[in-house]
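One structure is given below, encoded as structure tokens.
The values are calculated or read from the model by the stated rules, or taken from the named source; none is laboratory data. Not measured: the values here are computed from a predicted model. Don't worry about glycine lacking a Cβ; one is built from the backbone with ideal geometry, like all the others, and counts go over all protein chains shown.
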Amino acid sequence: MYRSMSSFAIGCGRLPTLLAVAIAACLVSSVALATDEPADPPPMTTMQWQHLEKLINDRANEIANSRQFFEEDPRPTEVVATLDPTTKVLRLDLDVSFGRLVGGLELEDFQSQIRVGMEDLTDQIPGFNTTDWRIGGRDMDYWFNEDFPLPERDDDLRLQLPLREPSDENPPISQLEGPNDGMYVQSTSSEAVLPRIVVAAGHGAYHHAKFGWTTQRERVNGVLEDDITQDFVDHLFRMTQLNGGDPVRVRADNAGLTHEASGLSARSVAARYYLEALEPENDAIWNSKPEDPSDLRERNQDIRSRPLYANAIGASAIAHIHTNADLPKASGTRVIVHPGRGADLAMGRLTLCSMRELIHADERYVGYTVPLDPNTVSEKGENTQAEMPSMIVEVGFHTNPNDAKLLLDPDFQRLAMRGVAKGMRLFREGASCESFRVGAQPQMTANVGQQVQMPVDLKGHPVYPVDISVKQVNCKEGQACRSERRLVASKKAADEYRFGYLCWHGEEEAPLEFVVFAKDVDGVATPSVTYTLTCKKQS
């Protein structure tokens, strides 16, 4: 039986690490999630750059030659690493013979293994997030275009995704007020045109020319990526609807149907075959490059079929859902976008922002790694062939036993995909990455016998309804503490909410303190904030 080349047995020895003089700024910097920006690390010296470049070069070559990545084994393989201290871009060069492999999963896996296997080194590059692969001195876009013509993109136009034509009767979602203001939005108007969002579950069984029907990945730690991505997309489909989008799947979702050619469940086969059944006359989507003599032709067609279908239906965005693989120590979420595409980068950042917020809302997952910024890499065909903003969401590493447990956890799946759907909605709305919190208020003062109305300032992008709690914490002895909970259905209602308190005689001695916090319908809670009120005698 054919075994897909996805098991990982890289025996990477532990190479010396660079002195910790350049801890990555990307691990600690955030435009909106931190109130105080940490100081920048000291600049690296020329000698330190050279030393780090050598470590990266050695590690890349060690991984490249650690096992057989390709059915036609090209080893020994040489990778040449070059670091640019000015742009903070890592360039990795392969010889021209790899050009014929561009567009195939074998080369993608090879490049991804090297990139992820060096993260402990690239994390030492201040501001690093871009790996630029070159083959025969030419960038990946050149080779992708040689393999299959690349789409024309106007990235500036794609920064504002089409929702519907605004009018007095049909305003943009961002201008809606009333009960749905800021809530999960699903239009009831037959005239509204919701943005089409392709939610693509990665991989699936395919036909290998020599070995017949097989999965693209192997089961590791109880996780079969080909199948579990469908479980994630089940959640993402529903969450996208609730977030005002029109989700479109590229793989069958009905486990009760049988794919006739393979005899497998229709749900388990790759997108290429679902799209063949859906669009039999449009074989340019699912049968691209039919002249390809490779035994892996249909697997490579599957990669292209997802963005090609999204292009054909005029989708506004596409999210490719995957799990990741590397050495067992590698952990956490990664989002991958194509270099030079501002819209994709913005969508990826907001997706990570929302995933971090939603996953960490559950105390069981607080320590799970969700980075601040996407990885910008050039070797992913799913992103490269897309005309619209596109990202790959690697939810976690199935090769890490702890990650694998979470990937199989329905609660974790739900929170992660809520984050993806929310991030894509915030991108459509032109929002920023801002954590949900209660804004501080200046100390308030009122006369005895006067009732003061205290506003509660909610920041960030909660999903309404939101439960606001206010509790007095330093009550006078013998006096009951005041507390109040209010469920607000919209941002407008939250802005209008006031907590009333009447100052009494005897409360002039010390300021009164009220602890305020809030929790949204997704379970995201704010940190507690203390409001202070001073009651004074009337003069």
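Yes/no per residue for (1) surrounded by fewer than 21 Cβ atoms within 10 Å (Cβ to Cβ); (2) within 26 Å of PRO195 (Cβ to Cβ); (3) in the same structural domain as HIS235 (by TED's automatic domain parsing):
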{"residue": "ALA386", "(1), (2), (3)": "no, yes, yes"}
{"residue": "SER390", "(1), (2), (3)": "no, yes, yes"}
{"residue": "VAL395", "(1), (2), (3)": "no, yes, yes"}
{"residue": "THR399", "(1), (2), (3)": "no, no, yes"}
{"residue": "ASN402", "(1), (2), (3)": "yes, no, yes"}
{"residue": "LEU408", "(1), (2), (3)": "yes, no, yes"}
{"residue": "ARG414", "(1), (2), (3)": "yes, yes, yes"}
{"residue": "GLY419", "(1), (2), (3)": "no, yes, yes"}
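Do we find that GLU379 is in the same structural domain as VAL248 (by TED's automatic domain parsing) and over 20 Å from LEU90 (Cβ atoms) in this structure? Step through it out loud before you land on a result.
On the way: in the same structural domain as VAL248 (by TED's automatic domain parsing): yes; over 20 Å from LEU90 (Cβ atoms): no.
Answer is no for this residue.
Conditions first: (1) modelled with pLDDT under 95; (2) among the aliphatic types (A, V, I, L, M); (3) within 23 Å of ASN221 (Cα to Cα). VAL377 passes all but one, so which condition is the exception?
(3)
Tell me which helices (runs of 4 or more DSSP H) are completely within the range 92-184 and hold 1 or more residues being modelled with pLDDT of 85 or more, or say none if there are none. Spell out the reasoning first.
Values: elements: 105-117, 119-122, 140-147, 155-158.
Where helices (runs of 4 or more DSSP H) fall fully within the range 92-184 and carry at least 1 residues being modelled with pLDDT of 85 or more, they are 105-117, 119-122, 140-147.
Just to verify a result, which residue in the range 407-448, among those that are touching a Ser or Thr at 6+ places or on another chain (Cβ under 6 Å) and assigned to a loop (DSSP other than H, G, I, E, B), is farthest from MET391 (Cα to Cα)?
Once the filter is applied, the top-ranked residue is GLN443.
Can you pull out every residue in the range 49-81 that is polar (S, T, N, Q) and either out of contact with any Gly (no Cβ under 7 Å at 6 or more places or on another chain) or surrounded by 19 or more Cβ atoms within 10 Å (Cβ to Cβ) (or both)?
Just the residues of the range 49-81 that are polar (S, T, N, Q), to begin with: 50, 57, 61, 65-66, 68, 77.
The answer is GLN50, ASN57, ASN61, ASN65, GLN68, THR77.
Can you go through ASP109, ASP84 and tell me which one is buried (at least 18 other Cβ atoms within 10 Å of the Cβ), out of contact with any helix residue (DSSP H, G or I) (no Cβ under 8 Å at 6 or more places or on another chain) and not hydroxyl-bearing (Ser, Thr, Tyr)? It would help to see each step written out before you state the result.
Details: ASP84 fails: buried (at least 18 other Cβ atoms within 10 Å of the Cβ).
After ruling out the rest, the residue left standing is ASP109.
I need every pair where a residue in the range 449-468 that is farther than 16 Å from GLU496 by Cβ has its Cβ under 6 Å from the Cβ of a residue that is of a type in the set (Phe, Trp, Tyr) and surrounded by fewer than 22 Cβ atoms within 10 Å (Cβ to Cβ), sequence separation at least 6 or different chains.
Qualifying pairs under 6 Å: GLY460/PHE436.
May I ask you to say which residue of LEU278, LEU308 is of a type in the set (A, V, I, L, M, F, W, C), surrounded by fewer than 16 Cβ atoms within 10 Å (Cβ to Cβ) and more than 30 Å from ILE63 (Cβ to Cβ)? Give the steps one after another, and end with the answer.
Details: LEU308 fails: surrounded by fewer than 16 Cβ atoms within 10 Å (Cβ to Cβ).
It is LEU278.
In the range 511-524, which residues are surrounded by 22 or more Cβ atoms within 10 Å (Cβ to Cβ) and of a type in the set (Gly, Ala, Ser)?
Within the range 511-524, just ALA518 meets the criteria.
Restricting to the range 328-363, count the residues that are over 21 Å from ALA421 (Cβ atoms) and in a helix (DSSP H, G or I).
2
Does GLU508 qualify as being more than 27 Å from ARG356 (Cβ to Cβ) and either modelled with pLDDT under 90 or surrounded by fewer than 13 Cβ atoms within 10 Å (Cβ to Cβ) (or both)?
Yes.
Among the residues of the range 275-332, which ones are of a type in the set (D, E, K, R) and under 22 Å from ASP231 (Cβ atoms)?
Selection gives ARG299, ASP302, ARG306, ASP326.
Of the numbered conditions (1) part of a loop (DSSP other than H, G, I, E, B); (2) within 30 Å of GLY244 (Cβ to Cβ); (3) hydrophobic (A, V, I, L, M, F, W, C), ALA480 fails exactly one; give the number of that condition.
Going through (1) part of a loop (DSSP other than H, G, I, E, B); (2) within 30 Å of GLY244 (Cβ to Cβ); (3) hydrophobic (A, V, I, L, M, F, W, C) one by one, ALA480 breaks only (2).
Return the total of residues in the range 350-399 being more than 20 Å from ASP326 (Cβ to Cβ) and acidic (Asp, Glu).
4
Out of all the residues in the range 486-539, which are acidic (Asp, Glu), more than 18 Å from GLU434 (Cβ to Cβ) and within 41 Å of the chain's Cα centre (by Cα)?
Within the range 486-539, GLU496, GLU513 meet the criteria.
State yes or no: is LEU224 closer than 23 Å to VAL393 by Cβ, among the hydrophobic types (A, V, I, L, M, F, W, C) and modelled with pLDDT under 95? Spell out how you get there, then give the answer.
Numbers: closer than 23 Å to VAL393 by Cβ: yes; among the hydrophobic types (A, V, I, L, M, F, W, C): yes; modelled with pLDDT under 95: no.
No.
State which residue pairs qualify: first residue within 20 Å of ASN311 (Cβ to Cβ) and inside the range 231-253, second residue among the charged types (D, E, K, R) and assigned to a helix (DSSP H, G or I) in any location, beta carbons under 6 Å apart, and separation of 6 or more residues or different chains.
Once the first residue is within 20 Å of ASN311 (Cβ to Cβ) and sits in the range 231-253, its partners that are among the charged types (D, E, K, R) and assigned to a helix (DSSP H, G or I) give VAL250/ARG306.
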